[in-house]
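Let me begin by presenting the structure, written as structure tokens, before commenting on it.
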């Protein structure tokens with residue numbers, strides 16, 4: 001009996017040590033998230049204290065300013081108008097999101113699961129404890145720099161994020177997701193790298209990582225939640241090669257869906273498979289005018305804000321029927337501005353539901369018969385391409401000399417009062433990244449990816 005007793009004791013000790021090690025690992029990950037978010041008290045970080053104190057000060061100030069501009073007005077609007085998305089626990093699908101967990105969680109704060117999809121790389125778990133003082137300083141500055149646009153305008157710019165999240169400091173969206181989780185008061189329990197398979201299953205990476213899962217919990221809650229990020233092409237062309245996302249969405253009968261600053265891709269027939277899937281599976285669909293056009297939306301659809309135009313870059317996506325509806329509901333202005341139309345001093349939000357929401361009856365969209373002119377009867381074809389920007393200058397350059405310098409065909413275009421020069425023309429950002437990296441390896445470090453739609457530069 002004695003040997004058996006000793007084995008039991010030994011097993012107990014091993015299990016106990018394993019549990020303690022696991023708890024320490026989880027604690028380390030959450031500590032990392034708090035460091036990135038500037039949420040760890042300065043007194044608890046003893047390594048490079050001056051670097052962290054400056055990061056904490058900078059992020060505290062940025063968060064305070066953004067809180068006044070975006071977060072407090074949005075929460076107040078959700079509460080005062082009893083917007084049901086803020087209390088609904090249905091899983092959320094957020095296409096074209098990039099690492100924007102911030103607004104996803106703000107409008108859908110009780111979602112049991114968040115599925116964000118973009119073209120940025122998923123990234124890895126940060127290992128801040130191994131960084132030198134200079135490397136840590138560069139890391140914190142890279143995090144701060146990547147948030148510059150969303151803090152101002154309430155959205156990420158895809159081309160900027162692809163550049164920002166492809167550096168030695170930041171290798172993907174994981175760093176920004178941890179920042180937002182920490183800043184919003186969540187405890188991060190685990191992070192794992194995954195691969196989305198063609199059948200919609202998320203597995204350990206077999207030949208590539210294109211997804212990650214983060215499990216987290218709020219101190220006031222008892223149930224753990226999860227955040228999944230997937231790097232995949234959502235066009236019909238992309239989904240024909242990687243249909244995994246459509247299978248993943250079809251596993252659930254209902255999803256809540258959020259679309260913001262989606263480059264008006266869901267207006268195009270090139271994204272019809274995703275648009276149709278959303279319309280089949282949504283419970284609540286909350287979006288700005290860059291999402292599914294109002295002509296496709298079932299009733300009831302509720303409208304908020306103001307809408308008389310789009311920015312010049314997206315003038316082809318103007319919706320006359322949405323503007324007509326806004327004229328009838330201008331009492332329901334929004335106390336905040338986010339998305340592309342902030343540049344024309346407007347914001348519009350539509351909320352489509354599977355059932356009537358009685359307290360929002362006055363905001364309901366009333367479709368009218370619209371007689372289309374001959375030139376508008378056919379939907380415009382939208383062409384999106386990615387190019388590599390080589391040079392921006394106030395003086396016109398010799399294209400032939402540039403072609404000789406860069407060793408590739410070069411195109412010229414005018415934008416914001418300057419002459420700009422690009423090379424390449426790709427339908428997917430991944431192909432553009434390959435050429436960009438090849439040119440950078442040849443000694444051109446300042447080049448970057450730009451996106452065009454119908455030959456117009458996207459911001």
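Computed from the coordinates by the stated procedures, all read-outs in this text should not be read as laboratory data. Here the structure is a predicted model, which is why all the values come from computation and not from measurement. Note that we place each Cβ from the backbone using ideal geometry, even for glycine, and neighbour counts take in every protein chain shown.
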Grab the Cα-Cα distance for residue 217 and residue 318, subtract it from 0.36 nm times how many residues apart they are, and report the gain in nm with one decimal. 32.3 nm
How far is it, in nm, from the label point at residue 251 to the one at residue 109 when both lie 7 Å from their Cα along the line to the Cβ? 2.9
Going by how many other beta carbons lie within 10 Å of each one, how would you line up 129, 55, 218, fewest first? 129, 218, 55
Tell me, what is the percent relative contact order of region 384-457, built from C-alpha pairs under 8 Å that lie six or more residues apart? 44
For a test of the definition: using alpha carbon positions, the gyration tensor, and the 1.5 limit on a/c, classify region 384-457 as rounded, prolate or oblate. oblate
Roughly what would the spin-label model give for residue 403 and residue 355, points 7 Å off Cα along C-beta, in nm? 6.5
In whole angstrom, note down how far apart the Cα centers of region 395-418 and region 265-282 are. 37
Most exposed first, judged by fewest Cβ atoms within 10 angstrom, 288, 60 run 60, 288
Give the order of 106, 456, 191 when sorted by the count of other beta carbons within 10 angstrom, beginning with the fewest. 456, 106, 191
